[in-house]
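Participant: This is the structure I want to talk about, given as structure tokens.
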């Protein structure tokens, strides 16, 4: 059975669920526990990547540099990763991140827009870091389109390309079809990143490795945008049971989850609006922003999410939540204050 | 009436859209279109409209002493070469590339300060769409921080934008500070592939000292009217609203559809702003520029 690499993103995707309010000290504690458990890569950044701290996505409690340095100082064997979305973060932010200890860049674009990542992948290679290409919202297009865009990333120097189910909208048969096709056309390893909006994160991740993916994402307790991600400690148990080789200690990754638990702001469950994220195919990090807009404009958050899905809004367009809520409120003739 | 002769360098989508806009101008004559490929569709189109076309690039323009204004819609690297040549030849350059040799100009905000410049830069589409809003809010409320999110239809973002996407965020951020007056600026760009394509959509968040919603709304309405004089498809989607010291405004730009489709409001606002600056400069050269009558020279 193949060896599976796990990249833990509790300290990046988990930031969404924390409204980006982890403190650097908390990150250092969680990072040390993940390192101890044998995680290969630990991703640390604002939920929306380098320079994500903003009105649009929420201001973080500290700078990316502070977070990265705090975690870098605790690591003995794991590699430190940072996410960047070209259009939000820049090459300058990447240079700062490398100085803070980053060894892996995960460079994310919408699944049809891979060509905006060429400059950033080139810089990451030049700086000697590992490069992971992240094709977000992979549920929106067919396997051929994903393959075309993944090949672009491969040509820019990506060492791994991920199928990213940002909206938690994929079902296992779809994951299998897309991942196995991608494995058949790429020279580099294929990765998979799940969200649990339809309760399928662990199942989809297993479907992905069965289809040939060898790098997968998880977060402790599933902490992440929407209904959260694949729960790392559950994934380790399930992969081991399925016979895959995983260089991680099951007890120690469970202990890491215990370290995280008291820091969580809300239980990571599949609430009603999260189901709609998966059902309508909406970017998972829209969830908490939608709750705020729904409260402000006195709307049902599910209506806002369905409309965002209808308009085919992509990752990063959190301002459309306001646009849609404002328009719905005007139609209902509700005074806004 | 006599018109000032202008050339367009770069016969791509932007150059061609510029050409159609200049054909309507009362003050500028689109005298020449130049490129570097003989088989260019843009050059053929210019020729068919009776405009002199050449594939010999900037040299063809330098040989025409009558041409006073040159719109450069090539790229940052070519413009860095063109700028000194044009300056030496005494021709005004209106730079639509990210080269930024000359000062940033946003017509609704600071054009009067730069009408005598020999080279001006048109910032970015996001800058043209959002800097005026920030400047208007800054005047009445004092902007500490301005953050803008520009959403563009994927189809309207060409290879130049895609390969150098940092140029957009960095240039726009700087213009929010230098022209918009924000103490600190931040810009984000998102490409959306939805079909039918989305209109150019910009959200402007500002953190202000004096959050008087009435004053801010009135200032924003005024500036929107001024922008509409040269970009008729520019409109508010969400009125400025205040939460604490944060002001949120959303605007949308529907393109005029001159050459580019209406969803390409991002390109339309660039070409419209460049034509506006060109016309004001032409009026000054013709001796008919009167600051108070600026409103009457709208190119549409």
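FYI, it's all coordinate maths here, none of it is from the lab. From a predicted model like this one, the values you see are computed outputs, not experimental measurements. Methodologically, a virtual Cβ is constructed for each residue, glycine included, from the backbone with ideal geometry; neighbour enumeration extends over all protein chains shown.
Participant: Rounded to the nearest 5, what % of DSSP beta bridges with both residues in the protein assembly as shown are antiparallel?
Facilitator: Among the beta bridges of the protein assembly as shown, antiparallel pairing accounts for roughly 30 percent.
Participant: What percent does the relative contact order of chain B come to when contacts are Cα pairs within less than 8 Å and at least six residues apart?
Facilitator: Value for chain B: 18 percent.
Participant: Would you order B:55, B:79, A:195 from fewest to most other beta-carbon atoms within 10 Å of each residue's own beta-carbon?
Facilitator: B:55, B:79, A:195
Participant: What's the exposure ranking of B:241, A:192, going from fewest to most Cβ atoms within 10 Å? Provide the component values of the computation, followed by the final result.
Facilitator: Values: B:241 18, A:192 28.
Starting with the residue having the fewest Cβ neighbours, the order is B:241, A:192.
Participant: For segment A:98-166, give me the percentage of DSSP beta bridges that are antiparallel, rounded to the nearest 5 percent.
Facilitator: Among the beta bridges of segment A:98-166, antiparallel pairing accounts for roughly 0 percent.
Participant: Same structure, new question: Just need the relative contact order of segment A:114-256 here, percent rounded to a whole number, with Cα pairs under 8 Å and 6+ apart. Before the final figure, lay out the partial values.
Facilitator: On the way: 259 pairs, mean separation 25.2, N = 143.
Normalised by residue count, the contact order of segment A:114-256 is 18 percent.
Participant: Something else now. Taking the Kirkwood radius as the inverse of the mean 1/r across Cα pairs, report the Rg/Rh of the protein assembly as shown.
Facilitator: Details: Rg = 25.8 Å, Rh = 25.6 Å.
Here the Rg-to-Rh quotient is 1.01.
Participant: Enter the angle in degrees (range 0 to 90, nearest 10) between the Cα long axis of helix A:172-185 and the first principal axis of the Cα atoms of chain A, meaning the one along which they spread out most.
Facilitator: So the helix axis and the longest Cα principal axis differ by about 50 degrees.
Participant: Let me ask another. Over chain A, consider all pairs of different Cα atoms and compute the Kirkwood hydrodynamic radius from their mean reciprocal separation; express it in Å, one decimal.
Facilitator: 19.5
Participant: Something else: Please report the antiparallel percentage of DSSP beta bridges with both residues in chain A, rounded to the nearest 5.
Facilitator: If we restrict to bridges inside chain A, about 5 percent are antiparallel.
Participant: Okay, next question. Have a look at B:50, B:287, B:42 and tell me which one the Gaussian network model of chain B (Cα, springs below 10 Å) gives the largest fluctuation.
Facilitator: Result: B:287 has the largest fluctuation of those listed.
Participant: Between helix B:213-228 and chain B, what is the angle of the helix's C-alpha long axis to the longest principal axis, kept within 0 to 90° and rounded to the nearest 10?
Facilitator: On a 0 to 90 degree scale, this one is about 10.
Participant: Among rounded, prolate and oblate, which fits chain B when a ≥ b ≥ c are the square roots of the eigenvalues of its C-alpha gyration tensor, a/c under 1.5 means rounded, and a/b larger than b/c means prolate?
Facilitator: Taking the square roots of the gyration eigenvalues as a ≥ b ≥ c, chain B is prolate.
Participant: If you average the C-alpha positions of segment A:50-78 and of segment A:175-207 separately, how far apart do those two centres end up, in angstrom?
Facilitator: 27
Participant: Next question, about the same structure. Test of understanding: ordering B:174, B:225 by Cβ neighbours within 10 Å, fewest first, what list do you get?
Facilitator: Sorted ascending by nearby Cβ count, the order is B:225, B:174.
Participant: Separate question: Pairs of alpha-carbon atoms within less than 8 angstrom and 6+ residues apart define the contacts here; what relative contact order does chain A have, in percent?
Facilitator: Working: 754 pairs, mean separation 59.0, N = 337.
Worked out over chain A, it gives 18 percent.
Participant: Specify the residue with the greatest mean-square fluctuation among A:107, A:270, A:321, computed from a Gaussian network of chain A linking alpha-carbon atoms under 10 Å apart.
Facilitator: Answer for the Gaussian network model of chain A: A:270.
Participant: To continue, here is another question. Among A:211, A:227, A:194, whose mean-square fluctuation peaks in a Gaussian network model of chain A (Cα, cutoff 10 Å)?
Facilitator: A:211
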